[in-house]
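Novice: Before I ask anything, here is the structure I am working with.
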Amino acid sequence: MTFWDQAVEIARVDLRVERRVGDVLRIILPFAVIALLVFPLALGVDLSAITQLGPAVFWAIGVLFGMQVALRQAADDRPERRDLYSLLGVDPAARFVGRSMSGSVLMLAFMVVLLAATFVLYSPRLPSGWPGPVILALLLTAVGLTELGTLAGEVTAGLRSRTALASLIVAPLAIPLVIGGSQTLESLTRDTSILPWLLLLIATDLALAVAGVALARPLEEASR
Amino acid sequence: MRLHPVGTHIELEDAGVSLGGQTILRGLTLTVAAAEVLGIAGPNGSGKTTFLRLLATLTAPYRGTGRVLGATLGTSEVYRIRQDIGLIGHIPTVVGELTLRENLQHATRLFGGDTARVERALQVVGLTEAAERKVEQSSYGMLRRTEAARLLITRPKLLLLDEAFSGLDIDAQELIDALITRTTENGGAVVMVSHDAGHLADRASRVLAISAGRLERVA
């Protein structure tokens, strides 16, 4: 079985498990939408403030709850399953790529639904032609956050309090993704170029992908 | 039909294993030949499971040397031979949210095997009727049978059994026995550990004891 076949098989099963367990869509997403609701309630009837704050609140809630999505697999990853994959000949790098693929799909779905909820609750003003660049920025942010969460899960595998430790790793390293994603939206509203921010997102995604693949084997061995 | 390979499947020379700064195994010197069934008896906490993880290449020796199926332990060579090792450990290695059939299909795909063999394997281990049960709806014995079915598909050259007979009914024990026979008939080696020397004496061609992290001859 090729590297990509293994990665796709792992992603496929991860998504099947998510469909049955529903951590992301049934638990994390409703809480994120409730968090979105809190801000308009706190701001009262100041509709212009609500409209202006919409994109910022979306990114804040999206990244905070997105980290939970990204770290979800790390919490579920049991040593027995890692051993099984090793003895089936799964390349640790293929496992990283597969988990990043499935996580990215879930993260993108999560962010798209959250964005729709933001439009309903905040009615942010965006220029015409916004969907393409915004969806691209969401996709790149989703991929980066998931790679980061998967990598943090590998770094903390086998450690006690791994979920808390993984969060500590993800939070500071997610800053380029937060800046890239939020500034893409901001540049659209100001009618300035979004290219630098998309390039920042792409560079971050690539750097995390290279790190995840290159470190997969040593991290797996170190976790035992 | 596979030819019987000639030679040694496991070679350990003064190998030791340390976990978290504590020495668990020390001075392990051992050879296991092709088609041999080695039994290791020892009480709880004597290092049996760590010993099997060393042979499974899942733990590296901190001292001494070791080779398993021709790969030097603690080096990247182990990635080449891991697919040839089958391990039945304390805890059944299955994905909890999948059915028994899906677990086998998943493992078979990752292994690079033909998923058409899954149905035959389920039939051999007597799980055809229960194949759509999720792991959480299955008994311990069923999970063990699922593992046996996986090993029927992957056909390991080195079979490692950790208390594999505990908690199994006679039929399931016979399945494990069949796996042992099949592995040795194909020229593979089997290492089984148990706190119950009775399980080992009936099946192993040689039995050693493990005590305080050292291998000893059985008197």
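The values are calculated or read from the model by the stated rules, or taken from the named source; none is laboratory data. Keep in mind that this is a model prediction, so the values were computed, not measured. Methodologically, a virtual Cβ is constructed for each residue, glycine included, from the backbone with ideal geometry; neighbour enumeration extends over all protein chains shown.
Novice: If you check B:Glu77, B:Glu102, which single one turns out to be more than 7 Å from every other protein chain (Cβ to nearest Cβ), touching a strand residue (DSSP E or B) at 6+ places or on another chain (Cβ under 6 Å) and surrounded by fewer than 22 Cβ atoms within 10 Å (Cβ to Cβ)?
Specialist: Going through B:Glu77, B:Glu102 in turn, the sole match is B:Glu77.
Novice: When you scan segment B:16-23, do you find a residue that is in a strand (DSSP E or B), out of contact with any helix residue (DSSP H, G or I) (no Cβ under 7 Å at 6 or more places or on another chain), over 22 Å from A:Arg82 (Cβ atoms) and not polar (S, T, N, Q), even just one?
Specialist: Looking for residues that are in a strand (DSSP E or B), out of contact with any helix residue (DSSP H, G or I) (no Cβ under 7 Å at 6 or more places or on another chain), over 22 Å from A:Arg82 (Cβ atoms) and not polar (S, T, N, Q), one finds at least one in segment B:16-23, hence yes.
Novice: Do you know which of the residues in segment B:58-78 that are polar (S, T, N, Q) and over 13 Å from A:Arg217 (Cβ atoms) is farthest from the chain's Cα centre (by Cα)? Reasoning before the result, please.
Specialist: Of the residues in segment B:58-78, the ones polar (S, T, N, Q) are B:59, B:65, B:72, B:75-76.
Those left that are additionally over 13 Å from A:Arg217 (Cβ atoms): B:59, B:65, B:72.
Details: B:Thr59: 14, B:Thr65: 21, B:Thr72: 19 Å.
By that ranking, first place goes to B:Thr65.
Novice: Would you confirm, using the coordinates I've provided, whether B:Arg144 is modelled with pLDDT of 95 or more, within 14 Å of chain A (Cβ to nearest Cβ), assigned to a helix (DSSP H, G or I) and touching a helix residue (DSSP H, G or I) at 6+ places or on another chain (Cβ under 7 Å)?
Specialist: No, not satisfied.
Novice: Taking the stated definitions as given, is B:Ala35 of a type outside the set (S, T, N, Q), surrounded by fewer than 21 Cβ atoms within 10 Å (Cβ to Cβ), over 29 Å from B:Ser138 (Cβ atoms) and within 11 Å of chain A (Cβ to nearest Cβ)?
Specialist: So B:Ala35 does not fit the description; no.
Novice: Tell me which helices (runs of 4 or more DSSP H) are completely within segment A:1-96 and hold 2 or more residues being polar (S, T, N, Q), or say none if there are none.
Specialist: Working: elements: A:3-21, A:29-43, A:47-76, A:79-87.
Once the helices (runs of 4 or more DSSP H) in segment A:1-96 are filtered for at least 2 residues that are polar (S, T, N, Q), what remains is A:47-76.
Novice: Mind listing just one residue for me: the one in segment B:80-92 that is at the interface with chain A (Cβ under 8 Å from one of its Cβ atoms) and at pLDDT 90 or above and, of those, nearest to B:Phe165 (Cα to Cα)?
Specialist: My answer is B:Leu87.
Novice: Is it true that B:Ile24 is within 11 Å of chain A (Cβ to nearest Cβ), closer than 27 Å to B:Asp196 by Cβ and either surrounded by 18 or more Cβ atoms within 10 Å (Cβ to Cβ) or free of Cβ contacts under 8 Å to residues at least 12 places away in the same chain (or both)?
Specialist: Values: within 11 Å of chain A (Cβ to nearest Cβ): no; closer than 27 Å to B:Asp196 by Cβ: yes; either surrounded by 18 or more Cβ atoms within 10 Å (Cβ to Cβ) or free of Cβ contacts under 8 Å to residues at least 12 places away in the same chain (or both): yes.
For B:Ile24, the condition - within 11 Å of chain A (Cβ to nearest Cβ), closer than 27 Å to B:Asp196 by Cβ and either surrounded by 18 or more Cβ atoms within 10 Å (Cβ to Cβ) or free of Cβ contacts under 8 Å to residues at least 12 places away in the same chain (or both) - is not met.
Novice: Determine if segment B:110-133 includes at least one residue that is more than 7 Å from every other protein chain (Cβ to nearest Cβ), assigned to a helix (DSSP H, G or I), in contact with an Asp or Glu (Cβ under 7 Å, 6 or more places away or on another chain) and buried (at least 19 other Cβ atoms within 10 Å of the Cβ).
Specialist: No, the conditions are met nowhere in segment B:110-133.
Novice: Also, I was wondering about something else. Any idea which of (1) over 22 Å from A:Leu140 (Cβ atoms); (2) away from chain B (no Cβ under 13 Å) is the one A:Gln68 doesn't satisfy?
Specialist: Among (1) over 22 Å from A:Leu140 (Cβ atoms); (2) away from chain B (no Cβ under 13 Å), A:Gln68 violates only (1).
Novice: Return the residues of segment B:175-217 that are aliphatic (A, V, I, L, M), within 16 Å of the chain's Cα centre (by Cα) and surrounded by 20 or more Cβ atoms within 10 Å (Cβ to Cβ); say none if nothing qualifies.
Specialist: B:Leu175, B:Ile176, B:Leu179, B:Ala189, B:Val190, B:Val191, B:Met192, B:Val193, B:Leu200, B:Ala204
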